[in-house]
Amino acid sequence: MNTNAKTSNLIKTIVIICDFLVLNVLLYVYLHFKWRLFGFTVGGGDSIFLLTANLGMLFAQYFFSTIVHERRSTSEQILRQVTLLVLLFGIITYVLQILMSQYKGFSLPNFNFMVGLTAAVYIGMLLSRYYERWMIKRYRMMGRNRRDVIFIGSDPQMVAAYRFLESNQYMGYHVKGYYSDVRLDECPEGLNYCGTIADIDQLISQPNTPVIADEIYCSLPVAEQEKIRRIMRYCNNNVVHFYYIPSFSHIFGHTVKFENLGDTIVFTNYEEPLTNLTNRFIKRTFDILISFCVLVCLLPFIPIIALIIKLQSPGPIFFKQLRTGLSGREFKCYKFRSMHVNKDADLVQATEHDPRKFAFGDFMRKSNIDELPQFFNVFIGDMSVVGPRPHMLHHTEVYRELIDKYMVRHFVKPGITGWAQVTGFRGETKELWQMEGRVQRDIWYIENWSIWLDMRIIGKTALQILVHDKNAY
């Protein structure tokens, strides 16, 4: 086992130990204070309770142990792992306590207490994961526990791979450079040219040569199969991870995805997790639950909001506008009216000091209150809580001609918030590159959807409400 693997396993062990520390600190608080402040009671047999809780965590760790040490683990994957870990811990612990309650001296804990304890453990685990991820990032940015990478080939996707590895320093990758007979166009400054294919071929052919990298990414054309095989043999003989990047950019213009058609492998230009029936069911169920809760909470405030709007600006309470939705179909999007009635509402975006806005309308836009009626669109199925923002019909007609792949964003339902909005592409699009950036992020969301990504976007959106976004106007 190489040094990097040993270090990663050590990090994993430390994180697991920290999980048990978090659990036992919370259990100590119970034993010391008996949770009287919360009104929870557990019954007798504190030592048995400690045993069952730790056994529950041990079993849960076996199935859903930490992945925070894994270099390519995403925030969504970590959130999913922690959620499943704590849920399984709570279930197993309670089942064990039911079994142990048959013995004298130990009574079954209050169910509300178990729910409270599980919630506390969940919060504790999330906070510890946040801190552990930050510590690992700092550790790897110092040059420790890093993996050396070499690229072979000149496909433009090499540049995209390099930028991904370099922009995520917490993963601990160090790109030494690339070997190619043709130099990369628009090569980033940090991606060094190391030599030709003959140079790397000679290097890996020499006996007793020190291992040149921990990972090799190859994008040579399939016609160069003998060269590819030699590189793969070198990787196999030296415990180096080999990755092949299909050299299809000259045909498709971007990376393609693998799919299975029976026993045949086919390629597609876009991967859509939401074409899966189970994923659609999960997302729709999530949308219905969230929108129903929000609408119920909103009902008492509608008369107050309506009164203020009427006092400041004559006209309807709700603003209804046709927008482009799923598969390019039109639907009526609902908002609280934040502007005076005007003839340009369907043509011109709101600007920072737009004279069409009235005072309370300006406040609603900055605090996102005007968007709340869109939860009705979510409830009836026109929209989703998370997805690409729906654009007015005029913008769809304009930008579909100006931006390649613009209409791809309509492969899924539009959302109240989206990946573009929480990554800096919210609000007015003054220049074309801003809309291009929004479209790129919308397509990335479509290809990488998961319920955990939706939860992350909702969390970021909630943070933007608390910390005002300068693009919210």
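The values are calculated or read from the model by the stated rules, or taken from the named source; none is laboratory data. This one's a predicted model, so the numbers in the text were calculated from it and none came from an experiment. Positions of Cβ are backbone-derived with ideal geometry, glycine not excepted, and every protein chain shown enters the neighbour counts. Protein only, heavy atoms only, side chains kept; ligands, DNA and RNA dropped before computing areas. Shrake-Rupley method; radii C 1.70, N 1.55, O 1.52, S 1.80 Å.
Applying a threshold of 7 Å to beta carbon distances and a minimum spacing of six or more residues, or different chains, the list of pairs starting in the range 114-134 at a residue that is open to solvent by 30 Å² or more (accessible area, probe 1.4 Å) and ending at one that is outside any helix (DSSP H, G or I) and β-branched (Val, Ile, Thr) reads ARG133/VAL68.
Among the residues of the range 370-382 satisfying the criterion of being out of contact with any strand residue (DSSP E or B) (no Cβ under 6 Å at 6 or more places or on another chain) and assigned to a loop (DSSP other than H, G, I, E, B), which is most open to solvent (accessible area, probe 1.4 Å)? Per the criteria, the residue is LEU372.
Within the range 383-417, the set of residues being under 20 Å from the mean Cα position of the chain (by Cα) and in a strand (DSSP E or B) comprises SER384, VAL385, VAL386, GLY415, ILE416, THR417.
For the range 337-360, the set of residues classified as closer than 22 Å to PHE376 by Cα, open to solvent by 20 Å² or more (accessible area, probe 1.4 Å) and among the charged types (D, E, K, R) consists of ASP346 only. Being assigned to a loop (DSSP other than H, G, I, E, B), of a type in the set (Asp, Glu) and at pLDDT 85 or above is the requirement here; does ASP181 meet it? When the stated conditions are applied, ASP181 passes them. Going through (1) in contact with a helix residue (DSSP H, G or I) (Cβ under 9 Å, 6 or more places away or on another chain); (2) of a type outside the set (Asp, Glu); (3) outside any strand (DSSP E or B); (4) closer than 30 Å to VAL408 by Cα one by one, THR351 falls short only on (1). Taking the listed residues THR285, THR255, the one that is modelled with pLDDT under 90, more than 30 Å from VAL341 (Cα to Cα) and of a type outside the set (D, E, K, R) is THR255, with no other qualifying.
Filtered by the rule that a residue be open to solvent by less than 10 Å² (accessible area, probe 1.4 Å), of a type in the set (A, V, I, L, M) and either farther than 16 Å from CYS194 by Cβ or part of a strand (DSSP E or B) (or both), the range 140-164 gives VAL149, ILE150, ILE152.
Condition test on LEU393, is it modelled with pLDDT of 90 or more and open to solvent by 10 Å² or more (accessible area, probe 1.4 Å)? Yes; evaluated as a whole, the condition is true for this residue. Please find, within the range 349-366, the residue that is modelled with the highest pLDDT out of those that are among the aliphatic types (A, V, I, L, M) and either within 32 Å of the chain's Cα centre (by Cα) or on the phi > 0 side of the Ramachandran plot (or both). Checking each candidate, the answer is MET364. The set of residues in the range 439-466 that are under 15 Å from ILE290 (Cα atoms) and of a type in the set (Val, Ile, Thr) comprises ILE451, ILE457, ILE458, THR461. The condition of being without any contact (Cβ under 8 Å) to a residue 24 or more places away in the chain, buried (at least 16 other Cβ atoms within 10 Å of the Cβ) and closer than 30 Å to VAL149 by Cα holds for only one of ILE78, ILE67, that being ILE67. For LEU307, are the conditions met, namely being in a helix (DSSP H, G or I), out of contact with any Ser or Thr (no Cβ under 9 Å at 6 or more places or on another chain) and exposed (fewer than 13 other Cβ atoms within 10 Å of the Cβ)? Yes: the conditions hold for LEU307.
Scanning the range 178-210 for residues that are closer than 15 Å to TYR234 by Cβ and surrounded by fewer than 11 Cβ atoms within 10 Å (Cβ to Cβ) gives SER205, GLN206, PRO207, ASN208, PRO210.
Tallying residues that are out of contact with any helix residue (DSSP H, G or I) (no Cβ under 6 Å at 6 or more places or on another chain), open to solvent by less than 50 Å² (accessible area, probe 1.4 Å) and assigned to a loop (DSSP other than H, G, I, E, B) within the range 313-336 yields 3. Within the range 436-462, residues that are on the phi < 0 side of the Ramachandran plot and open to solvent by 40 Å² or more (accessible area, probe 1.4 Å) sit with their Cβ atoms under 9 Å from residues that are among the acidic types (Asp, Glu) and in a helix (DSSP H, G or I), at 6+ positions apart or across chains, in these pairs: ASN448/GLU76; TRP452/GLU76; MET455/GLU76; ARG456/GLU76.
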